[in-house]
Each structure stands twice: as structure tokens, then as C-alpha cells.
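The values are calculated or read from the model by the stated rules, or taken from the named source; none is laboratory data. All values derive from a computational prediction rather than experimental measurement. Don't worry about glycine lacking a Cβ; one is built from the backbone with ideal geometry, like all the others, and counts go over all protein chains shown. What goes into the accessible areas is simple: the full protein's heavy atoms, side chains included, and nothing from ligands, DNA or RNA. Shrake-Rupley method; radii C 1.70, N 1.55, O 1.52, S 1.80 Å.
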Amino acid sequence: MPEQQRSARGRGRSPNSTATRVYERVRTGGERYWSLSDFRDLPATAVAHALSRLASQGELQRLRKGLYYRPKQTVIGPSVPSASAAVGHTLNVPLHPTRLSAGNALGFSTQNPARPEFATPAAAAPGALRNATVHTRRPASRFELDAPDGALLELLRDRARYSDLSPQETMRRLVSMLSDRARFRRLAKAALSEPPRVRAMLGALGEQAGAPAAALKDLRQSLNPISRFDFGVLAALPNAREWQAR
């Protein structure tokens, strides 16, 4: 008997019921947030009942009405949902860590700011983040990025100044992060709406990481050839001058 049918029957569900389909998506979806909007192809009332039932069974954590979190198991117990990510999911706007919060989120710093800082393309800061500093009106391209990718662009906006690592280790880690070609394409596309210095630094790092030539070409062609940019600690990149670093 197929595994899905066994798991469904073991819980008293029909293999093709809405409850079963919701359960299987949640079970295989890993750590993430869930809401009714994730099941637009299924009856909303039945989905709401299924999510509520999964929460009562301990499969999900109910964060607020209509929003649930599926934790992952770690060595110290179940993972804990991020309050800022939950707010961003509820409001359907991205919240990307910035400044020291970005350095911490990406593993470049162990320091935590007294007030978390986030960046968002929204025109106004979410009221639910009263205890955080929120920088608004980032480019609309940020809607296509998750928190780690957005944090990486924020780190470049600040010229990696919020890294506690040595310049060489900072560059090595950034190059490693950008060696994922799909990730680099996403960031290169979004960076076309970012300040020129971000495009230049991303291009230099991507070239070191062996990024796709087409994405690098788009970044290079977006730069004014007579401009020069402050790369901060990233000025030590071997190809920084080729990407118009001062």
C-alpha cells in the first residue's frame, strides 16, 4: 500500500480528502509557515479545519488566527518561529534583516543589536514591530527574495561593515554563499534595482564564485563606466578594481 494511503488511513482520513492533502503537504514541506493562502486549490473551510486539527495534534504551532508554524527538530528541541518572519508572513511583505541584524543572521557576527533592524519594500513599518527599527521603501524586487537573500543584499549595502570576521574570511564566506548559481541569478536580478555599489560588489564576488556569465554581464552593463565605488573591506577582492572599486 502506498505510504500516503497508509499514513492517511492510520489517522482515519480518506487518501483523497482535503485533510489528507493538507497533512501531506505540511508533512513534506519542512520548517515553514502555513496559512489558508497556501492551499488556494482546496476548499477554504476544510483547509481551516485541517490546519486546526494538525495544531491540536502537535504537528503545527498556531501563532495567531489563520497562521501556523511547522517546526523542525534540533539538538535542543523544536525550532522556534521568528516573530519578525511571522509578522512578515501575515502582512504578506518581506522583512529582511539589516545592519547588525543581517550580520548576525548570516553568521558574520555573534552580536545581537539592542533593537533588531529590518528592511522592507513596504511604504510603512508594520505596527507589530514596535520594538524594532524598520527601514522602508526598499526596491520592489525584494518581494522576490527570502530573508537570507535579502539580508545578503543588506550586508552589501553596508559594504560588509557589520562582519566581525577578518576581511579575508568575510570575502571567502560571501563567495561561498554566492557559489549557488540559482541564488546568484536571483540576487543579480534583484540587484539591478539596488544602488550601483551593491551591483558592483555583487559582480566582483560573483565573478570570484564562478557565477553565470550572463548574470555578470547584466550587472556590469548596469554600471556607469566612469563611476567608482567604496567597497569597504571588500576592496581587498582580487578583481575589485575591475568592478570599479576606488
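Looking across the stretch 57-71, just one residue is at pLDDT 85 or above and hydrophobic (A, V, I, L, M, F, W, C), and that is L60.
Among residues of the stretch 216-227 being open to solvent by less than 80 Å² (accessible area, probe 1.4 Å) and of a type in the set (A, V, I, L, M, F, W, C), the one that is nearest to P196 (Cα to Cα) is L223. In the stretch 57-69, the residue that is farthest from E24 (Cα to Cα) out of those that are open to solvent by 40 Å² or more (accessible area, probe 1.4 Å) and touching a strand residue (DSSP E or B) at 6+ places or on another chain (Cβ under 9 Å) is L63.
Scanning the stretch 152-170 for residues that are open to solvent by less than 10 Å² (accessible area, probe 1.4 Å) and either in contact with a Leu (Cβ under 7 Å, 6 or more places away or on another chain) or free of Cβ contacts under 8 Å to residues at least 12 places away in the same chain (or both) yields a total of 5.
Tallying residues that are open to solvent by less than 30 Å² (accessible area, probe 1.4 Å) and in a strand (DSSP E or B) within the stretch 27-53 yields 2. Residue pairs whose Cβ atoms lie under 6 Å apart, sitting 6 or more positions apart in sequence or on different chains, and linking a residue in the stretch 46-72 that is among the charged types (D, E, K, R) to a partner that is assigned to a helix (DSSP H, G or I), are R62/A55; R70/V26. May I ask you to verify whether R99 is open to solvent by 50 Å² or more (accessible area, probe 1.4 Å), on the phi > 0 side of the Ramachandran plot, touching a Lys or Arg at 6+ places or on another chain (Cβ under 9 Å) and in contact (Cβ under 8 Å) with a residue 12 or more places away in the chain? Taking the combined requirement at face value, the residue satisfies it. Test each condition in (1) buried (at least 16 other Cβ atoms within 10 Å of the Cβ); (2) modelled with pLDDT of 95 or more; (3) closer than 24 Å to R137 by Cα for D230 and report the one that comes out false. The failed condition is (1).
Among the residues making up the stretch 83-111, those that are at pLDDT 80 or above and not in a helix (DSSP H, G or I) are P94, L95, H96, P97, T98, L106, G107, F108, S109, T110, Q111. Do we have R159 as among the basic types (K, R) and more than 12 Å from F231 (Cβ to Cβ) here? No, not satisfied. Residues in the stretch 114-131 that are crowded, with 18+ Cβ neighbours inside 10 Å and closer than 28 Å to S166 by Cα: P116, E117, F118, A119.
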